[in-house]
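Undergrad: What follows is a structure written as structure tokens; I'll ask about it next.
The values are calculated or read from the model by the stated rules, or taken from the named source; none is laboratory data. Nothing here was measured: the structure is a model prediction, and the numbers come from that model. Positions of Cβ are backbone-derived with ideal geometry, glycine not excepted, and every protein chain shown enters the neighbour counts.
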Amino acid sequence: MFAIGCVALVAICVFVAVVTIVILAILGPQIGTVFSRVTNGLANP
């Protein structure tokens, strides 16, 4: 029974990691653009 719980926990962790990577891959360029705008705004008030 303990092994089944461990396998389920590992499966959930892998699923969360894959979803996070997919979201970052999709939103990565947009996040970079926002970050660049913020840093440029702070550098040139």
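Undergrad: Residues of the chain being surrounded by fewer than 10 Cβ atoms within 10 Å (Cβ to Cβ) and aromatic (Phe, Trp, Tyr), which ones?
TA: Selection gives Phe2 alone.
Undergrad: Modelled with pLDDT under 90 and either on the phi > 0 side of the Ramachandran plot or part of a helix (DSSP H, G or I) (or both): is that true of Leu42 in this structure?
TA: Answer is yes for this residue.
Undergrad: What are the pairs with Cβ atoms under 9 angstrom where one residue, in the range 1-27, is free of Cβ contacts under 8 Å to residues at least 40 places away in the same chain and the other, located anywhere, is part of a helix (DSSP H, G or I) and not polar (S, T, N, Q)? Sequence gap at least six, or different chains.
TA: Close Cβ pairs (under 9 Å, with a partner that is part of a helix (DSSP H, G or I) and not polar (S, T, N, Q)) amount to Leu24/Ile31.
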